[in-house]
Structure formats: structure tokens, C-alpha cells
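Below is one structure, written out as C-alpha cells; comments come after it.
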Amino acid sequence: MYHSMKINIFFLILFLIVSCAPRKEIAQPSEALRPPVSVVKPAPVEKYKSFLQCDEKTKDFFNSTGIEVLPFMRVVFYDIDRDGVNEMIAGSKDGALRLYRNSGTRDVPHWSLVPEYFDGVSAGAFSAPAAGDIDGDGKPEILVGTGGFSKDSGKIIFYKNAGTNVKPLWKRMDMPEIDVGNDAAPALFDVDNDGRADLIVGNSTGKLFLFRAKHTGKGVVFAKDAAYFKDVKLGMYVVPAVTSYQNRILIIAGNSMGRLSVLEREFKSRSSWEKSALALSFCSFAAPAFLNSDQSGIMDMVISDGNGQLYYYRNWGKDYRNWNEAVDFFSGRIFTGPASSPVITEVNGSSFMVVGNINGEIRLFVNKPSSAGLPWKERPGFFNGIRLSSFSKGILTEWDGRSLLITGQQDGIIRAFLNTGSLEKPFWSEKKQFFRGVPKIMHAAPAVFDIDGDGKWELIVGGSDGYVKGFRYEIDRDGNPVWQKIEKIFDYAKAAGFAAPSLAREAGKTYLFVGQQDGKISIFTSDPLYRGSSVFYPDDYLQGVQVNNHSCPAVFEKMGIIELTIGDYNGNLKHFACHTEKRKIKDN
């Protein structure tokens, strides 16, 4: 026991010695001696977004001429760039000028737009061009007649090229004012053989005016000769074209009624004008222009009209009285009228395009591809007996094994016509109560599409307020459809006025294309697998598409490509092939 106590006392003393001993301070390493700590940032996550890239194919489908449809088109043919070949200078309702160069031959032309050639030249509205060297400096000047709602309506504006023929720089010339009232339509011609081009101008009241060219120390001025066209009246909105024939001045003038008159008299004579009617007439606002023929000294003639259509006539009699239309000269352009509204569908394995327009007309085109010409061929008279109001739109689909035409129009009524005949010999009968439950929708633009995949198509309608609405049907006990509004899925589908919808589905996603008043195409997408609902949400998806006002799209999917056809207010039809592309999103 004593021994164990000694051991315990020993360990106690040892513990006290150790615990009471002074402690040595452990120095911490300085900041300078600490190893650097490297922080590796995670690699940035690249973000991508899908876009619908659209490539224009219009020349292969609707317009191989290269000339767009321009309402109230006024043309003049002149070698503006001094390359030895006449170009076509075109004015129109929008007040701009466009230059078209012929890259084909004289008999088989192909016109191509020269972009921005007339930048800086504008009449405000209803431009009517003339071209010539008015000041004798060897360079052509541009004269523009103004009209319509332009503040300069009735005036002639002069432009001089301060650049080159290839890269012009147009500057407005400081000239004494020439004002003929309203809607000035100029032509240049040396009426007195003094070597100077004089100015002949038509106006809205049907009068012609002569302004004789006078050279002064400060340049050229045009002096009015009030007696030259005294008592000459040619109808409203007269447009003159001037040439010479057998030592006589000859004028062919068109007017708003689409009629043409011939005026002529000898160069030196003070006698009155001989006036006669030309045996040609057009829908409205006929505007003639002369161009060189293949016969020396003889001019052929092009007529444009208020709708933007172009006609070429050969002067086969060489007397400016007998004309033959050369239909091939401006062929290769499908012309359907202003406010063109196409819808493309497949019926019995064939592709059909129904096109309405501002006049309430409905026309059918069948897709028949061939090596020669455009693939769409018209079936004239297919919708005989159907009368619609203005701003018509039609859809050809099927109902109970028969062709059904659905139409919309300005007054908001949606109508249905059943073909009780055949596609070869149609006979249309209106089904008055077919759309029971569908309200009036002003400027109704209908479309059909099987949204929910149940094998039945739904009715989708756009209106002047810009909204898109959907309707689905149930069959009542009498076998007739009763329509009810589809709730929620179109709540976000709103365009900027005059909505014109069309739908397509690709890779499980449904695309809603909506045309609108400003010409843009709004895109909405429904992706139930991604979003968990069928609601259409806005999408800034469309790339590479530019059209005029009141765009009206027609879309369908073919082999992974969305084929997009668009009509516009001017009457153009354009076609785009669209495919999905993913693009990297740049961080701000």
C-alpha cells in the first residue's frame, strides 16, 4: 500500500511540474509565406436559342420576272447608267422610285431590282418618273411627278446625279416651280426640234400642259405654253407617252377609266390635235410608256395599271393604231390582285392554293411542278357562283368526303360552301348554318388546323382588332356542327391589327404564324412537351422575312421544312423555305 502511494505521489508531482512549465509560443506563418490559393472559375455555360431561318424562294414559286407588284405603277424606259441597254424606272403609290435592269434578252427579259439606286429620290406618294438630259451636260436627270396625298401633289421635282452612273448621288435641283394642280405625270420630248427636251405633263383633271425648255445663263428653265394643248381633255388622271411618227408628234394617253387615246399633229403645225380612241382598255389607271422595238424607228408600248399589272404590246402595224399583246414579255408573275390572301391545303393528295383579294374575288391554283414555268397553275372559274364582299379569304378543306370552301370577308361573316359536284366539275352550295355559334369577327381571316390531334380540324380566326380566336365543334342530333370558343390557348395570340393566322406542326411543336397590318409576321408557339400546356406563347422566332403591309401567311410542313407563302396589300405573293437554327446567345 505504501508502495502504491509513492507511485501516485510521483505522478502527481510530475503532472504539476509539466503543467506549470513555461509554454513556448508557436509562431504563425506570415501572410507572405502562405502559398497562394488558386480559384478556378467554372467554364461559362453556353446558351443557345432556336430561330426559324427563312430563305426566299419567290422566283421559283410565284414571280420569276423579278418585278414586284406596285400599285399605281408608272414606268419609263431609259438608259440611266449609260451601259447601252434601257433600264426600267418605276414609280408607284409609295412615292419611291425603283430601277430594274434587264439581265435577259430583249424578247425574253429577266428584270432584277438594283437596290438603293434612287436613294434620296422621293415624291411622297404616287411617283411618276421621266428621265433625260435636260441641261445638256451629258448626264441624265430624273424628273418625278407627284400625286395623291403628297404635300407636293401636282408638282414636278427635278434631281441631278452628283455621283457616277454606277453609284449615283441624287441631289434635288433648284428649279422654278412647276405645278399642274394634282397628280402630275411628266414626259420629256423635243416638240419643236430645237435639240432641247421639252416637258409634257398630265394631271388629275385630264388636262395636258406643255413647258418649253429654255436655256439661260443660269441653266435650263421650263416656260409654260398655255395654248399648246388648249381644249384637249382626256379623262381623269391622264398619263402621257410621247414619240414621233412620220414627221408628226404622237401622244398616247391613259386615264383612270383604263382607256387610251391617241393625239397627233404635225411638228410645225398650229392646227388642232387629232384625237381618236385606241381599241385597248384596262381595269383602271392605264399608264402607257414607249420603248424601242426590234424595228428601227418604231416604238413598242408597255401599259401599267392601278393594280400594278404590266402588259407589253408590239406595234405590228407600225402606225401606233394596231397592237398585239406579247404575253410572254411579263409572264412568270402570278398576279392575284391587291390585299392578296393565300391559303394552301392538301385535298385528296393534291396541293391547292385559294387566294382572295380586296375585291372579294376567290381564285384557285393547283400545284403542278414542271421544268418550264411556275408550279402553280390557275383553275379559272372553279368558284363560279360564289359572291363575297371585300377583303375575301378562302380555305379549301374536306367535310364528309366532299370539298368544303370556308370564306372570311370584311363584314365579319364566316361562310361555308359545299361542293356537291366534283373537283373536275364543281357545284357549290352554301350551308347557311354551318358556323352556328361563331360570332361576327370584322375582317375575318379564317384558318383550319387539328390543334389537339383528335382527327377533327378546329377553326382559328383573326380579326381587325389583332386578336386570334379558336373554335371547335360538336355534332348535334341533326348531324350539324355546333361551334364553341376554345378557352385560354389563344389568350396571348395578339398581333398589331388585322390578324391573319396560319398554323403548322413540326417536331411536336405547333407554330402559329400571324400576319398583321404593318406587314410583319408574329410568331406564337405551342409546345406541350416542354411547357406542359397547349397555350400559344409569343416567340421572336422568325428571321429573314420582309413583306409589305397587311401580310397574310400560309404555312405547311414538308419533310422538316416549314414552307411559308405570304400575300401582301400590294398583291405580291412571296415564298420562303424555313428551317430551325440554334444560335449562341451573347451575354450582355
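The values are calculated or read from the model by the stated rules, or taken from the named source; none is laboratory data. Here the structure is a predicted model, which is why all the values come from computation and not from measurement. For neighbour counting, all protein chains shown are included, and Cβ atoms are generated from backbone atoms with ideal geometry for every residue, glycine included.
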How do the pairs read when you match residues in the range 236-254 that are under 13 Å from residue 200 (Cβ atoms) and at pLDDT 95 or above with residues anywhere that are among the basic types (Lys, Arg) and in a strand (DSSP E or B), using Cβ under 8 Å and keeping only pairs 6 or more apart or on different chains? 239/74; 249/265
Search result, residues across the range 162-172 that are in contact with a strand residue (DSSP E or B) (Cβ under 9 Å, 6 or more places away or on another chain) and more than 15 Å from residue 129 (Cα to Cα): 162, 163, 168, 169, 171
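May I ask you to verify whether residue 131 is at pLDDT 90 or above, assigned to a loop (DSSP other than H, G, I, E, B) and within 18 Å of residue 186 (Cα to Cα)?
Values: at pLDDT 90 or above: yes; assigned to a loop (DSSP other than H, G, I, E, B): no; within 18 Å of residue 186 (Cα to Cα): yes.
No.
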Restricting attention to the range 498-515, which residues are part of a loop (DSSP other than H, G, I, E, B) and at pLDDT 95 or above? 498, 499
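Checking the conditions here, which among 291, 310, 280 is surrounded by 20 or more Cβ atoms within 10 Å (Cβ to Cβ) and touching a Phe, Trp or Tyr at 6+ places or on another chain (Cβ under 8 Å)? Break it down into steps so the answer makes sense when it comes.
Values: 291 fails: surrounded by 20 or more Cβ atoms within 10 Å (Cβ to Cβ); 280 fails: surrounded by 20 or more Cβ atoms within 10 Å (Cβ to Cβ).
Residue meeting the stated conditions: 310.
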Give the range 354-378 a look and list any residue that's touching a Leu at 6+ places or on another chain (Cβ under 7 Å) and in a loop (DSSP other than H, G, I, E, B), or say none. 360
What tally of residues in the range 143-188 results from selecting those that are of a type in the set (Phe, Trp, Tyr) and part of a loop (DSSP other than H, G, I, E, B)? 1
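Which ones in the range 131-154 are farther than 15 Å from residue 213 by Cβ and more than 28 Å from the chain's Cα centre (by Cα)?
The answer is 138, 139.
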Within the bounds of the range 262-277, is there any residue that is buried (at least 20 other Cβ atoms within 10 Å of the Cβ), within 30 Å of residue 108 (Cβ to Cβ) and of a type in the set (A, V, I, L, M, F, W, C)? no
So residue 126 ticks every box in (1) buried (at least 23 other Cβ atoms within 10 Å of the Cβ); (2) over 19 Å from the mean Cα position of the chain (by Cα); (3) without any contact (Cβ under 8 Å) to a residue 60 or more places away in the chain; (4) part of a loop (DSSP other than H, G, I, E, B) but one. Which box is left unticked? (2)
Looking at the range 80-97, which of its residues are part of a loop (DSSP other than H, G, I, E, B), touching a strand residue (DSSP E or B) at 6+ places or on another chain (Cβ under 7 Å) and free of Cβ contacts under 8 Å to residues at least 40 places away in the same chain? 85
Given the criteria without any contact (Cβ under 8 Å) to a residue 40 or more places away in the chain, charged (D, E, K, R) and not in a strand (DSSP E or B), does residue 137 qualify? yes
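Being assigned to a strand (DSSP E or B), surrounded by fewer than 17 Cβ atoms within 10 Å (Cβ to Cβ), at pLDDT 95 or above and in the same structural domain as residue 534 (by TED's automatic domain parsing) narrows it down to one of 482, 468, 461, so name that one. Give the derivation first.
On the way: 468 fails: surrounded by fewer than 17 Cβ atoms within 10 Å (Cβ to Cβ); 461 fails: surrounded by fewer than 17 Cβ atoms within 10 Å (Cβ to Cβ).
Going through 482, 468, 461 in turn, just one is assigned to a strand (DSSP E or B), surrounded by fewer than 17 Cβ atoms within 10 Å (Cβ to Cβ), at pLDDT 95 or above and in the same structural domain as residue 534 (by TED's automatic domain parsing): 482.
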Test residue 570 against the criterion of being touching a residue at least 60 places away in the same chain (Cβ under 8 Å) and out of contact with any Lys or Arg (no Cβ under 7 Å at 6 or more places or on another chain), and give yes or no. yes
Quick check: is even one residue across the range 197-216 closer than 27 Å to residue 73 by Cα, of a type in the set (Lys, Arg) and surrounded by 14 or more Cβ atoms within 10 Å (Cβ to Cβ)? yes
Which residues, counting only those in the range 406-429, are assigned to a strand (DSSP E or B) and of a type outside the set (A, V, I, L, M)? 407, 408, 415, 417, 419, 428, 429
Taking residue 315, is it without any contact (Cβ under 8 Å) to a residue 60 or more places away in the chain, not charged (D, E, K, R) and not assigned by TED's automatic domain parsing to the domain that holds residue 397? yes
Taking the range 156-180, which residues are under 30 Å from residue 255 (Cβ atoms), out of contact with any Phe, Trp or Tyr (no Cβ under 7 Å at 6 or more places or on another chain) and at pLDDT 95 or above? 156, 157, 158, 179
Name the pairs: first residue in the range 491-518 and closer than 18 Å to residue 471 by Cα, second residue of a type in the set (Ser, Thr, Tyr), Cβ to Cβ under 6 Å, at least 6 apart or on different chains? 492/537; 494/467; 504/511; 510/526; 511/525; 513/502; 514/522
Which is touching a Cys at 6+ places or on another chain (Cβ under 7 Å), surrounded by fewer than 23 Cβ atoms within 10 Å (Cβ to Cβ) and not charged (D, E, K, R), of 542, 529? 542
Which is in contact with a Cys (Cβ under 6 Å, 6 or more places away or on another chain) and within 24 Å of residue 340 (Cα to Cα), of 573, 564? 564
